[in-house]
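Here is the structure we will look at.
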Amino acid sequence: MADSRAAREAAAKFANGNAPPGGSRVSGVLVVGALIVIGAAVLIYYSSRGGRGGTGGGGSDGGQLAAEKAAAFGQLVSDRIRAQYGGAHPNRIAARTIDEVGGRLVEGSREKLGGRTFEFEMLLNGDALDAYGSPNGDVFMTGGMLKNITNWRDAAALLAHEMGHILAGHVQEAMNAAPVATGGRGADLIANYDPLNAAHVTAMTNLLNTFMKTPFTPAQEAEADRFALEALTGGRYSPQALHRVLALLLEMRKTQMIAYPGRHPIDEERLKRIEAAIAEKYPDGVPEELDF
């Protein structure tokens, strides 16, 4: 087993390597990201051993272990997203409002959440237009996205869409299936992660980098869209907000490079499917009371 110094050195390479879209190659943010990989990885490692003598357990103990490791990994993903986009936005009004908007979506979708909980957070970066969902239920939007979209109804649409990805397990699916340098797939690395193993640390940072820029499939986008339309209605928002914000981002993509459509493919066919779904649910038009 490699010592902790070797692990730290391996993780430090992350700070000087290729940054995902929206970040510089060498920055304080990525240094923080490297440290987060170490810290959260230690959490994964020791949560799998705490109170079990390192045996891993079985039966109910094994189920508890899996839940602990999944929660710890989700925290690692969330911290990586925060590091990429400068951490939490200092504007308290924006932070409170995004939390209230997300809360409406949760309350209106309670029966579909299966007991899952969600937290909503505005990120500092004012240039990047992006939104992310983490496997642990954290939903993020950049300050740059909020600055460029029309209103909070459009923000609600993007948050609801990310909730759909989380509930469907799309983020975890992508990371589980990704090949890793240590051999096998991301699922193997996550299950057997050792933060004192330099090769594991390097593979984990690469896996997180892959997550930050890997696009969802059209089928995954369609599944998340279906949930978003229901969540918007449940939260008393107009489902038309989803079509409006995606059309806006598609138009913006024609003249500038923005991150969101790169990971969430948008085309005219997708917009037509959303229009058709809204028309099917509301053949006489969307009720005015849903228009916030």
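The values are calculated or read from the model by the stated rules, or taken from the named source; none is laboratory data. These numbers come from a predicted model, not from an experiment. Methodologically, a virtual Cβ is constructed for each residue, glycine included, from the backbone with ideal geometry; neighbour enumeration extends over all protein chains shown.
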Discussion item. I'm checking my understanding of the structure. Among residues of segment 217-240 that are of a type in the set (D, E, K, R) and surrounded by 20 or more Cβ atoms within 10 Å (Cβ to Cβ), which one is nearest to the chain's Cα centre (by Cα)?
Written reply: 221
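If I filter segment 60-75 for residues that are in contact with a helix residue (DSSP H, G or I) (Cβ under 7 Å, 6 or more places away or on another chain) and either surrounded by fewer than 15 Cβ atoms within 10 Å (Cβ to Cβ) or more than 30 Å from residue 200 (Cβ to Cβ) (or both), do I get at least one hit? First the steps, then the outcome.
The initial filter retains those residues of segment 60-75 that are in contact with a helix residue (DSSP H, G or I) (Cβ under 7 Å, 6 or more places away or on another chain), namely 68-69, 72-73, 75.
When the remaining residues are screened for being either surrounded by fewer than 15 Cβ atoms within 10 Å (Cβ to Cβ) or more than 30 Å from residue 200 (Cβ to Cβ) (or both), the result is none.
There is no residue in segment 60-75 that is in contact with a helix residue (DSSP H, G or I) (Cβ under 7 Å, 6 or more places away or on another chain) and either surrounded by fewer than 15 Cβ atoms within 10 Å (Cβ to Cβ) or more than 30 Å from residue 200 (Cβ to Cβ) (or both).
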Item to complete: Residue by residue through segment 104-122, note down the ones that are of a type outside the set (D, E, K, R) and either in a loop (DSSP other than H, G, I, E, B) or over 14 Å from residue 158 (Cα atoms) (or both).
Response: 108, 109, 113, 114, 115, 117, 118
Discussion item. On the basis of being over 26 Å from residue 201 (Cα atoms) and either acidic (Asp, Glu) or at pLDDT 95 or above (or both), does residue 139 make the cut?
Written reply: no
Fill in: segment 171-199 residues that are closer than 18 Å to residue 135 by Cβ and in contact (Cβ under 8 Å) with a residue 60 or more places away in the chain, paired with ones that are part of a helix (DSSP H, G or I) and among the β-branched types (Val, Ile, Thr) (beta carbon under 6 Å, 6 or more apart)
193/44
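Does residue 174 satisfy the criteria of being among the small types (Gly, Ala, Ser), modelled with pLDDT under 90 and part of a helix (DSSP H, G or I)? Even if it seems obvious, please write down each step before you answer.
Values: among the small types (Gly, Ala, Ser): yes; modelled with pLDDT under 90: yes; part of a helix (DSSP H, G or I): yes.
Here the answer is yes, as residue 174 does meet what is asked.
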Worksheet item: What residue, among those in segment 274-292 that are modelled with pLDDT of 95 or more and surrounded by 16 or more Cβ atoms within 10 Å (Cβ to Cβ), is nearest to residue 146 (Cα to Cα)?
Response: 274
Item to complete: Spot the failing condition for residue 270; the list is (1) crowded, with 21+ Cβ neighbours inside 10 Å; (2) under 19 Å from residue 130 (Cα atoms), and only one is missed.
Response: (1)
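Every residue, every condition in (1) under 20 Å from residue 173 (Cα atoms); (2) in contact with a helix residue (DSSP H, G or I) (Cβ under 6 Å, 6 or more places away or on another chain), yes or no:
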| position | (1), (2) |
| --- | --- |
| 189 | yes, yes |
| 195 | no, yes |
| 198 | no, yes |
| 203 | yes, yes |
| 220 | yes, yes |
| 226 | yes, no |
| 234 | no, yes |
| 241 | no, yes |
Worksheet item: Of the residues that make up segment 65-72, is at least one under 14 Å from the mean Cα position of the chain (by Cα) and either charged (D, E, K, R) or modelled with pLDDT of 90 or more (or both)?
Response: no
Response to the item:
Here the residues within segment 85-98 that are assigned to a helix (DSSP H, G or I) and under 16 Å from the mean Cα position of the chain (by Cα) are 98
Fill in: Failed item, numbered, when residue 241 is tested on (1) more than 15 Å from residue 160 (Cα to Cα); (2) at pLDDT 95 or above; (3) among the small types (Gly, Ala, Ser)
(1)
Worksheet, complete the sentence: Of 185, 116, 153, the only residue that is surrounded by fewer than 23 Cβ atoms within 10 Å (Cβ to Cβ) and either hydroxyl-bearing (Ser, Thr, Tyr) or in contact with a Lys or Arg (Cβ under 9 Å, 6 or more places away or on another chain) (or both) is 153
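Output the residues belonging to segment 177-190 that are small (Gly, Ala, Ser) and either more than 19 Å from residue 72 (Cβ to Cβ) or over 20 Å from the mean Cα position of the chain (by Cα) (or both).
Taking segment 177-190 first, the residues small (Gly, Ala, Ser) are 177-178, 181, 183-184, 186-187.
Passing the criteria: 177, 181, 183, 184.
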